[in-house]
1. At 7 Å along the Cα-to-beta-carbon direction for both Asn16 and Glu458, put a label point, then send me their distance in nm to one decimal.
2. Average projected area of the Cα convex hull of the stretch 173-269, in nm²?
3. So if I restrict to the alpha-carbon atoms in the stretch 266-329, what is the Rg, and what is Dmax, the biggest pairwise distance, in Å?
4. Where does the charge balance sit around Gly249 when Lys and Arg score +1, Asp and Glu -1, over other residues with C-beta under 12 Å from its C-beta?
5. Local charge sum around Leu115 (other residues, Cβ-Cβ under 12 Å, Lys/Arg +1, Asp/Glu -1)?
6. Would you pull out the residues with amide H under 5 Å of Ala177's amide H, same chain only if 5 or more places away, H placed 1.01 Å from N?
7. In the stretch 111-184, if every C-alpha pair distance is counted and binned at 10 Å from zero, what percent goes to each bin?
8. Quick check: from the Cα gyration tensor, does the stretch 7-119 come out rounded (a/c under 1.5), prolate or oblate?
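Values quoted throughout were computed directly from the atomic coordinates according to the rules given, and no laboratory measurement underlies them. All values derive from a computational prediction rather than experimental measurement. Here the Cβ is made from the backbone with ideal geometry for all residues, glycine too, and neighbour counts use every protein chain on show.
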Amino acid sequence: MADDPSIVASFDKSSNIVNVGKRFIHVGGPIPQLKNNERLIRYTSSLCPHCFRVLPAIIIEKENSLFIKRICPEHGEVEEIYFADSEMAKRFEKFSYEGKGINYYYTAATAPCPLNCGLCPLHKTHTALLNIVVTNKCDLSCWYCFYFAERAGYVYEPTINDIIKMIEALKKQGNIAVAVQLTGGEPTLREDLIEIVKTLKHLGVTHIQLNTHGIKFASLYLKDPEKAIEYSKELRTAGINTVYLSFDGVTPTTNPKNHWEVPYILEVFRLSGMSSIVFVPTVIKSVNDNELGDIIRIAAYNMDVVRGVNFQPVSLVGMMRKQERAKFRITIPEVIKLIEEQTEGEISKDSWYPVGAAVPIARFLELLGTSKRAEFTTSPICGAATYVYVKRKYNEIHFVPITNMVDADGLLDYLERRYENLINKPKVLVKILGFTSITTILNRYILWNQVPDEIKSELRSILLDIFIHRNYAALGKFHYKFLFLGMMHFMDEWNYDVERVMRCAIH
């Protein structure tokens, strides 16, 4: 439902042309045909990267990889690598779920997706993380940044009142956890950033993360350490839970952005009590894909403040020749395989699960409690994650993935079956049978003989906390004992899949 949805596009069906902000975009084209060496995976829609025409598209399998293919009547066939491991894609597809959808939409569905985006009634997944661009200004100009603020030719900086309206609009979606990422541009260029964070906290935002290259913290520290520490403390006190810190490599060549600043940035966070940092590397084939294991090791050495690494395969926005895209393009399974190689097999490709694997856990926890849980019913192709326990002796690091300690497939299947079995039963019976299930989980699906001795008792306590108390603090304890590893592949004009867009949870 919506009070008064905005109409952002008009569709003339007689000409198959959509008017979006006085830009005219064609809709439709021929359906691509399969060749002898290709197998159809599914139908979808995509865009022409040259004119943005909305086109029928197919996902195909060939050479053990998935590709997306469409044909523009004006610009011809466009084929792009989609997911470079068809077997992994099959495993991930098992965790494809239909979500609750959205309770409130903001724009009317007057044209084909994605031309109404806002969100419109065609969207299938509620907001899990709201991105607020607090400025489009940046003091760097990285060649691989998909934002490229310079092209806009104007400064965009929403006022605090604008931001309040954004949160009020988000809350109309109903009973969902309100999580916000402050991004840009470079957010620390806003002089009133602390006031923005305080405002979000006052509005009931439960999780606030700051997406930054962190250079301001280092610059302040080199001029006046106390001032840098105070700035970080003020942000933390105001409500910043997590800092998403750009970290593209371990050498000046792979990380020209902030290589020399990172040690000072981490020191500021250490001294100010900012203890939830996530490294965010943009992964580019032939540029920094040889340093993925080392990035994880640096995170592990700094686990007093670093909670994880979230790899982001580069998004190749703009016009690039096919040969150039092939040089830089890397997909999620390729990153996963390189991590396996660069950690001597300790973090294997079987350690990783798509984001949707969290759905059975969320639904089971929601069943036991009273509040709604975020359901990450995004496309299984969008992202993957795992957790690793870090065994460190002096300077020697070893990784034990959580999947070595848990029968993950068995557990997720069990939770799904219990959910289906209990969903329509009386609430009192659900509570009794649900809590009985926790004993089964701990005894049957936790492989205690594989759990390192030093965390056995603590892991049991943390898991009991998660399933019994089902709160943010319980998950926080887990995050402080295990290193989170994730990845998310932003789409671009070349691999654009409308089905993925409709399921996106980051808005």
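1. 6.1 nm
2. Orientation-averaged projected area of the Cα hull: 6.8 nm².
3. Reported Rg and Dmax, both Å: 15.3, 47.
4. Cβ neighbours under 12 Å give a net charge of -3.
5. +2
6. Amide H neighbours of Ala177: Ala374.
7. All Cα pairs, binned at 10 Å, distribute as 15, 37, 37, 10, 0 percent.
8. oblate
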